[in-house]
Amino acid sequence: MAEESEIQAVEGEGYAVANIDDLGEGWGFRKVRKGLGVTAFGVNAIVMPPSYETGRHYHDEQEELYFLHRGRVEIEFGDGTSHVLEPGGLARVDPSTVRRLRNLSDSEDAIYVCVGGKDGYVGRDGQMPEGETHR
């Protein structure tokens, strides 16, 4: 994993930009929230080695959204159902729902992004800068 001083995020006034690969190396967590300074929600990228299966878990409060960036992953829920996610696949999971993920490849890493939060959607609050007439 990259040391904090090695993180290659580019920061500007009101933004930060990085690549998942800039936030660490090898398998495990890429601390997106910390690396980019996200404060409104939790977000990490996880690199799973071939055939790896996470432990089962749930949360007390945090709803999660999983986005599969690379590979094929099976997500299994506490009720025994499972679904295969391919690149671009999404899964939303309530806090109390037990879940686990498994990399279906025996030769390729899988990478997914997990976003977690609570207390609701703030609504569509996007505004155009002064003088702009279209998005």
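No lab work stands behind these numbers, since they all come straight from the coordinates. As the structure is a computational prediction, the values presented were derived from the model and not from experiment. Cβ coordinates were reconstructed from backbone atoms using ideal geometry, including for glycine residues, and neighbour counts include every protein chain displayed.
Divide the volume of the convex hull around the Cα atoms of the chain by the residue count and you get 142 Å³ per residue. Electrostatic bookkeeping for ARG92 treats Lys and Arg as +1 and Asp and Glu as -1; over the other residues with beta carbon under 10 Å from its beta carbon, the sum is -3. Computed over neighbours whose Cβ is under 14 Å from that of GLY117, the net charge equals -3, Lys and Arg +1, Asp and Glu -1.
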